[in-house]
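What follows is a short report on a single structure.
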Amino acid sequence: MRFRSALWTLFFAGMALSHCAGEKIEELTFRVNPDLLECEIMDIDLGFAFSPPKGCLPLPDSLVAAVREKVVLSDSFPIDPRHIFFSTEDQFLCLASALPGLSGDHGDLTAYQDAMGEKWKQQQINRASFRYGDYLIHQTRVVSAEQVIYKLVIRAGNGKYFQIDYILPRGRLPEKIETIESSIGSLKKITTP
């Protein structure tokens, strides 16, 4: 199944996949268009590699602190942005972060999702879980009048969690959806010797 149809089906039709025990979670495949992606980055500590969307370049050091302040969720769940990319032309932000407050416990993940729901309680929120390659991905989509945020929470093979965010103006979503799909599709597990 192409991710585009899966994304639209899951979220715009209002369908949510559950990650309840015993319920089958759908395996998705993604069509990756390398022309829509920047060069691959690797995070050895978290054991993954992916390519940010085309035009999203590493954020200048002078702006990193401002982004770190904005991504705070709660004291209980620190977010440690490791890779921050931004397109000034599209106002499109992509970041990959460590989630040191999460462990392998399912209750931690539920509490984290509840904290996201509390932070954006005035916005439209949709959640879905799916499998892609070696990963079980828990996706939250937040839609406000101004922007759309995709938050992918992923457990690395080493038991650590990381998150990839795609944040863009709401009006840009239709033209950028294939780019987001390609970026998600570029996600892969890496191992070090």
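The values are calculated or read from the model by the stated rules, or taken from the named source; none is laboratory data. Model, not experiment: these values are computed from the prediction. Counting neighbours? That spans all protein chains shown, and the Cβs are built from the backbone with ideal geometry, glycine included.
This table checks each residue for (1) within 19 Å of P53 (Cβ to Cβ); (2) over 13 Å from the mean Cα position of the chain (by Cα); (3) crowded, with 16+ Cβ neighbours inside 10 Å.
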{"residue": "H83", "(1), (2), (3)": "yes, no, yes"}
{"residue": "S87", "(1), (2), (3)": "yes, yes, yes"}
{"residue": "K151", "(1), (2), (3)": "yes, no, yes"}
{"residue": "I167", "(1), (2), (3)": "yes, no, yes"}
{"residue": "K189", "(1), (2), (3)": "no, yes, no"}
Looking only at region 153-175, which residues are touching a Leu at 6+ places or on another chain (Cβ under 8 Å) and under 19 Å from L36 (Cβ atoms)?
I164, D165, Y166, I167, L168
Among the residues of region 96-153, write down those that are under 23 Å from R31 (Cβ atoms) and of a type in the set (G, A, S).
A96, A128, S129, G133
Looking only at residues that are outside any loop (DSSP other than H, G, I, E, B) and aliphatic (A, V, I, L, M) in region 1-34, which one is modelled with the lowest pLDDT?
L10
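Can you tell which of K121, K160, K188 is charged (D, E, K, R), touching a Gly at 6+ places or on another chain (Cβ under 9 Å) and more than 19 Å from L102 (Cβ to Cβ)?
Details: K121 fails: touching a Gly at 6+ places or on another chain (Cβ under 9 Å); K160 fails: more than 19 Å from L102 (Cβ to Cβ).
One residue alone meets the criteria, K188.
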Search region 41-60 for residues that are acidic (D, E) and pair each with any residue that is outside any loop (DSSP other than H, G, I, E, B) when their beta-carbon atoms are under 6 Å apart and the residues are at least 6 apart or on different chains.
D43/R82
Go through the residues of region 35-55 one by one and say whether even a single one is loosely packed, with under 11 Cβ neighbours inside 10 Å, at pLDDT 80 or above and not in a loop (DSSP other than H, G, I, E, B).
yes
Candidates R155, R127, filtered to the one that is touching a helix residue (DSSP H, G or I) at 6+ places or on another chain (Cβ under 8 Å), buried (at least 17 other Cβ atoms within 10 Å of the Cβ) and at pLDDT below 95:
R127
